[in-house]
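The values are calculated or read from the model by the stated rules, or taken from the named source; none is laboratory data. This one's a predicted model, so the numbers in the text were calculated from it and none came from an experiment. Here the Cβ positions follow ideal geometry from the backbone for every residue, glycine too, while neighbour counts run over all protein chains shown. Protein only, heavy atoms only, side chains kept; ligands, DNA and RNA dropped before computing areas. Shrake-Rupley method; radii C 1.70, N 1.55, O 1.52, S 1.80 Å.
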Amino acid sequence: MTNDLIQLVEFALAGGPKGIRAAGRLMSLMEDSPWRLPELFRAWAQVREQDQSLSEQLPMPRLLLGITGAPGSGKSTLSDALVTAYREKNPDQKIGVIAVDPSSPFTGGAVLGDRVRMMRHATDKGVFIRSLSARGHLGGLTLGVKGVARVMGLIGCDVVIIETVGVGQSEVEVTQVADLVAVVLAPGQGDSIQMLKAGLMEIADLFVINKADREGSGTLYSQLLSSLQLSMDKKADPDVLLVSAVEKTGIDELIALLDKRTEDESANWPALREKRMYADVSESVLDQARMRLAKLLATSPEETKKIIEGSVTVQDVAQKLLEKASRDKVSAN
Ligand SMILES: Nc1nc2c(ncn2[C@@H]2O[C@H](COP(=O)(O)OP(=O)(O)O)[C@@H](O)[C@H]2O)c(=O)[nH]1
Ligand SMILES: [Mg+2]
């Protein structure tokens, strides 16, 4: 298994059609088995033994940009416009997009729409798009997104955009993944200011008011500014930008702002990213341990029965399980 992974990492690094297929397989692996994320580090270390010119650590994108907001606010359209603008600005730099589909079955059409729209970039070899399904990943999706972002770093993406719906509607805590979080709001969505109250205000590094071509965007802009001024627990003055993702106005300004924020703030990111990496690895280890213990517990249903009957405590059974697990390991050696 691990040898497989090393080879996939080697192929992905080398690029070309084979490299793209390898990267896709690595992403699937990260999505399906997020606890395997640390194996990427191990594979990188092994690949690097053969080639000392490689960086010590698995390369990371310069910027992981979270884009969040209510469904319909224009996140996908904005991601698309950003990808185009980034690519035009610097054709040498690769861009990644991770789109997390909302799990609600009512949004099935929009999800398909996303895929269709992103197909525009299908022929651009510098753009990598991956959509992840939020279904069936309860709990594990954040780690899965991190794994996919890591693979995008491996293949040399400069910026990776992570699109998710806002807090409370998605299992992804975008703040745990992204360096900067842009919250998208749009006029004609009664729930915009409501969304802010539901926690989006706290996570925003910047606000993008989209659909500037529509009536009401100016009002929303001033509403937002006054809410921000009223808010006591706001971050230090988040930036607010008015854009139209469809008419492509304000996009260059948005990129300039993102570049500036990255330049100003990225000195803090290595420490932050390292802290997250430790947390991810811990989570992977705990996931592994939990899976092993769960398997063991399933083979002794009588223990569970005894707990229900009241003859043993949960602590007793947990202790027994841990002992059995460590004995099994010894005999497995
Ligand atoms: N008028 C206008 N419509 C937009 C703009 N951006 C997105 N839309 C439309 O809003 C709808 C939802 O956009 P989408 O990107 O799928 O939103 P998401 O659910 O947040 O990803 C689509 O019909 C878009 O064409 C914009 O700047 N102006
Ligand atoms: Mg979308």
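Just to be sure before I move on: is Asp259 modelled with pLDDT under 95, surrounded by 13 or more Cβ atoms within 10 Å (Cβ to Cβ) and within 16 Å of Asp179 (Cα to Cα) in the structure I sent?
no
Quick check on Lys94: is it touching a Cys at 6+ places or on another chain (Cβ under 8 Å) and either buried (at least 16 other Cβ atoms within 10 Å of the Cβ) or aromatic (Phe, Trp, Tyr) (or both)? So Lys94 passes the test.
The residues on offer are Glu263, Glu247, and the sole one that is within 30 Å of Ser73 (Cα to Cα), in a helix (DSSP H, G or I) and not assigned by TED's automatic domain parsing to the domain that holds Leu322 is Glu263. When only residues in the range 173-204 that are open to solvent by 10 Å² or more (accessible area, probe 1.4 Å), within 20 Å of Val100 (Cα to Cα) and assigned to a loop (DSSP other than H, G, I, E, B) count, which is modelled with the lowest pLDDT? Of everything passing the filter in the range 173-204, Glu173 is modelled with the lowest pLDDT.
The condition (being part of a strand (DSSP E or B) and hydrophobic (A, V, I, L, M, F, W, C)) is satisfied by just one residue among Val281, Val240: Val240. Restricted to the range 71-91, and to residues that are open to solvent by 40 Å² or more (accessible area, probe 1.4 Å) and within 16 Å of ligand 2 (Cβ to nearest atom), which residue is nearest to the chain's Cα centre (by Cα)? Looking at residues that are open to solvent by 40 Å² or more (accessible area, probe 1.4 Å) and within 16 Å of ligand 2 (Cβ to nearest atom), I get Pro71. Taken over the range 262-313, the residue count meeting the criterion of being surrounded by fewer than 11 Cβ atoms within 10 Å (Cβ to Cβ) and within 30 Å of Ala204 (Cα to Cα) is 7. Of all residues in the range 70-88, those that are farther than 17 Å from Val183 by Cβ have Cβ atoms under 7 Å from Cβ atoms of residues that are open to solvent by less than 10 Å² (accessible area, probe 1.4 Å) and within 12 Å of ligand 1 (Cβ to nearest atom), 6 or more apart or on another chain, in Val83/Val97; Ala85/Ile251. State all residues of the range 43-60 that are open to solvent by less than 50 Å² (accessible area, probe 1.4 Å) and in a helix (DSSP H, G or I); if no residue qualifies, say none. Correct list: Ala43, Trp44, Val47.
For the condition open to solvent by less than 60 Å² (accessible area, probe 1.4 Å), modelled with pLDDT of 90 or more and touching a strand residue (DSSP E or B) at 6+ places or on another chain (Cβ under 6 Å), what is the one hit in Leu40, Leu63?
Leu63
Go through the range 61-93 and count every residue that is within 13 Å of ligand 1 (Cβ to nearest atom) and in a loop (DSSP other than H, G, I, E, B). Within the range 61-93, residues that are within 13 Å of ligand 1 (Cβ to nearest atom) and in a loop (DSSP other than H, G, I, E, B) number 5. Restricting attention to the range 214-236 and to residues that are within 13 Å of Ala204 (Cβ to Cβ), in a loop (DSSP other than H, G, I, E, B) and out of contact with any Leu (no Cβ under 8 Å at 6 or more places or on another chain), the residue that is modelled with the lowest pLDDT turns out to be Lys235. Out of curiosity, is Pro105 away from ligand 1 (no atom under 13 Å from the Cβ) and modelled with pLDDT of 90 or more? Considered against the rule, which asks whether it is away from ligand 1 (no atom under 13 Å from the Cβ) and modelled with pLDDT of 90 or more, Pro105 comes out as no.
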